[in-house]
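A short reminder: the numbers here are calculations on the coordinates, not readings from a lab. Note that this is a predicted model, so its numbers are computed, not measured. Cβ coordinates were reconstructed from backbone atoms using ideal geometry, including for glycine residues, and neighbour counts include every protein chain displayed.
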Amino acid sequence: MTEETADRAPSSDSGPDKGAPEEGAKPREKWANNMEFILSMAGEIIGLGNIWRFPYLCYRHGGGVFLIPYIVFLVFCGIPIFFLETALGQYTSEGGVTAWRKICPMFEGLGIASQVIVTYLNTYYIIILAWAIFYLVNSFMSPLPWSTCTNSWNTDLCHTRVSAFANPHLFQPGSNWSFLNNLTLPDVYMNATYIDDPNQLLRSSEEEFWDHRVLRLSDEMSLGKIHWDLALCLLAAWIICYFCIWKGIKTTGKVVYFTATFPYLMLFILFIRGVTLPGAAEGLKYYLQPDFRKLVDPGVWCDAGTQVFFSYAVCQGVLTALGSYNKYNNNCYRDCIALCCLNSATSIFAGFAVFSVLGFMAHDLNLPVEEIASSGPGLAFIVYPKALSLLPGSSFWAVLFFFMLLLLGLDTQFVCVESLATAITDLFPRQLRRPRARELLVLAIAVFCFLLGLPFISEGGIILFTVVDSYGVSGIVLLVIACFETIVIGWVYGADRFYDNIEDMIGYRPFPVLKYCWLFVTPFICMLVAQYNLSHAYHFIMVNGYIPGVWTQILGFILISLPLMCIPLFILVALYRNADQMTRPSSDLRQAQPHKPLLTLCGCVIFRSQAPPSRSTVETNDKMMMEEPSRV
């Protein structure tokens, strides 16, 4: 940082606190230290998708070749938007809605749209945690309940296999197999698929546990029959989530020290165990073996883009909310680059832990890897538990795995709730920054989302879960929001002005490529991918052979349309409020160089500076420089 910049920029301890409270409201909190911010961001972006989606996409889309489109989208879309949203929150010290209102009142709807998506996430994502808690409780049983066919929920179609690795004594010459009702070893270990009726497929004990014990599917697929034990698991998940964030970032910043770091220890243990198992090399071969023919498939590129958007939690307002608690001079540019590298490295590393175990499973069951590779809930709750049940000490490994899943999902969940609470609080600071108001707000969000989540744990809940997962948090919505965000910052607010703001915060200008990504590359790529996804948006949802009615398509259309409608709606609201100030940022935002052009390209001025600030605005900026930030 030059001396001139150092003199101009406030110190890290005396930066402007743009969260100055309204009369009667408490001051806005700040992170106690930068590590709390880093761990909170890491906890949000590193989640279940790193474990159950990225490795499968690599396997499905050409192994190591998939990293090419993934890195392209990461560099030209993921990092630019990730940094844009984080820097926006730090600069404005506002949540996901009011930050956009202050930058450009005309596009306040972008913030509202992101909060609609966060509400979707808060409602359905925690269902995964309820499933994880249910499996975690059952993991303490021996034998594991999903590893046998002697339970009340099993059918005549259930079959299981005896692991040669976990039970080597049974595979020695002269071993006694009489406990299997006089069936010989070849009869048990063969790859039997059919019984007397060729239309009835044998089903593994893990599948039956998932379908008949956890989901309890029926022909009716009713959304009204709630399962009390899963409801208790859902309630437990919400209670844990509530007490992680009920006091604001004072508790969130401390909880993430455990929830964001401990999963790495467990993932490392699973990795070490996985790569030392027989057959692990074959699984890793399927995971990384390159197939360059996949690069010509547009679906591969779209899946890579969608994975980046989901994995980096962009366009959800969460990054803006977390960044808003930073001190004004925090080096968010350095932090964002480090977090992006950590997230991608975690995804790749998780693939080794997952596919080494799947390779062992294929080896032990004498099956090809492609027949057992899966993603999503199928990997976490059917395939991986099956693989763990084949290991000696299977209960220990099951506890380890599901506890890791719980922690990975938990910090993502409570940060999403924190984001929604932050956005609402910043909309009504006078009412919600009073004593105990924060606790009541988070409690109201938890109760509301808990009640909305009850249909997801009914007999037909998996249908509803699949619909919301496919449409509510779809790539189409995220891509459209991302396109608008970059256009607003690049062309309406002004990319050069935003660069000046960032320089004022961190002391130097970021890499120039980011500016041109915001202006051209990112919105262009987002529009292309959104158009492709739109042409493939509607598809029939089938769960266990059951195809629901047309209501899923109608609900999907509503879920996609609801957040996107917020953007034009609030443009009309801004037009009604004050048509002359629709694109002018708030006067209380610090502008270090207000006379510079808003946007220049190749040395040419595209948009000149707006009218010079009034004397009162200059005095306000000077006063902001003198204020001490509120502390946690």
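First check a/c for segment 359-411, with a ≥ b ≥ c the square roots of the eigenvalues of its C-alpha gyration tensor; if it is under 1.5, answer rounded, and if not, answer prolate when a/b is larger than b/c or oblate otherwise.
Details: a/c = 3.45, a/b = 1.45, b/c = 2.39.
Note, shape of segment 359-411 comes out oblate.
Starting from the Cα gyration tensor of segment 411-521, take the square roots of the eigenvalues, sort them a ≥ b ≥ c, and report rounded, prolate or oblate (rounded when a/c is under 1.5, otherwise prolate if a/b is larger than b/c, else oblate).
oblate
Per-residue HN-Hα couplings for segment 372-384, Karplus 6.51 cos²θ - 1.76 cosθ + 1.60 at θ = phi - 60°, whole Hz, x for Gly and Pro?
Listing the rounded values in order: 10, 5, 8, 9, x, x, x, 6, 6, 10, 10, 5, 5 Hz.
Please report W397, W491 as a ranked list, fewest other C-beta atoms within 10 angstrom at the top and most at the bottom.
Fewest-to-most Cβ neighbours within 10 Å comes out as W491, W397.
Could you give the length gained by full extension between Y576 and F268, i.e. 0.36 nm per residue of separation minus their alpha carbon distance, to one decimal place?
Contour length minus Cα-Cα distance gives 105.3 nm.
Step through the table entries K30/K596; K102/K515; K30/K102; K294/K386; K247/K327, compare each Cα-Cα distance with 26 Å, and write down the pairs that go over it.
Distance filter (> 26 Å) returns K30/K596; K294/K386.
Give me Y576, Y120 sorted ascending by neighbouring Cβ count inside 10 Å, so fewest comes first.
Y576, Y120
By how many nm would the segment from F243 to T261 grow when fully extended, if each residue of separation counts as 0.36 nm and the alpha-carbon distance is taken off?
Between F243 and T261, full extension yields an extra 4.6 nm.
Could I have the simple spin-label model distance between T583 and E371, label points 7 Å from Cα toward Cβ, reported in nm to one decimal?
Here the modelled spin labels are 6.2 nm apart.
If we count other beta carbons within 10 Å of each Cβ, what is the order of F428, F310, fewest first?
Final ranking by Cβ density, sparse to dense: F428, F310.
Take the Cα of T600, step 7 Å along the line toward its Cβ, and report every residue of segment 456-497 whose backbone nitrogen sits under 12 Å from that point.
Taking a point 7 Å out along Cα→Cβ of T600, the residues of segment 456-497 whose backbone N falls under 12 Å are 496-497.
Take the alpha carbon gyration tensor of segment 278-375, find the square roots of its eigenvalues, order them as a ≥ b ≥ c, and report rounded if a/c is under 1.5; if not, report prolate when a/b exceeds b/c, else oblate. Write down the numbers at each step before the final one.
Details: a/c = 3.06, a/b = 2.11, b/c = 1.45.
Prolate.
What residues of segment 389-427 lie in the reach of a label at S142, counting those whose backbone N is under 12 Å from a point 7 Å from the Cα along Cα→Cβ?
The answer is 392-397.
Hey, got a sec? Which trypsin sites (Lys or Arg not before Pro) in segment 417-474 land in a DSSP loop and have at most 16 other Cβ atoms within 10 Å?
Loop-located and lightly packed - R436.
Between beta-carbons, use under 10 Å as the cut-off and find the net charge around S40, counting Lys and Arg +1, Asp and Glu -1.
-4
Work out from phi, with θ = phi - 60° and the Karplus expression 6.51 cos²θ - 1.76 cosθ + 1.60, the ³J(HN,Hα) of each residue of segment 90-107, listed in order in whole Hz, and give x for Gly and Pro.
5, 5, 8, 6, 10, x, x, 9, 5, 4, 6, 4, 6, 6, 7, x, 4, 10
Taking θ = phi - 60°, what integer Hz values does the Karplus form 6.51 cos²θ - 1.76 cosθ + 1.60 yield along segment 442-457, in sequence order, with x for Gly and Pro?
Rounded to whole hertz, the list is 4, 5, 5, 4, 5, 5, 4, 6, 5, 5, 5, x, 4, x, 6, 10.
What's the FRET efficiency of D156 with S222 using the Cβ-Cβ distance as r and R₀ = 22 Å, to the nearest 0.05?
0.35
Non-local amide H neighbours of C158 (under 5 Å, H modeled in plane, Pro and chain starts lacking H): which ones?
R203
Let me check I've understood the local charge: for I126, count other residues with C-beta under 15 angstrom from its C-beta, Lys and Arg +1, Asp and Glu -1. What total comes out?
Around I126, the surrounding residues sum to -4.
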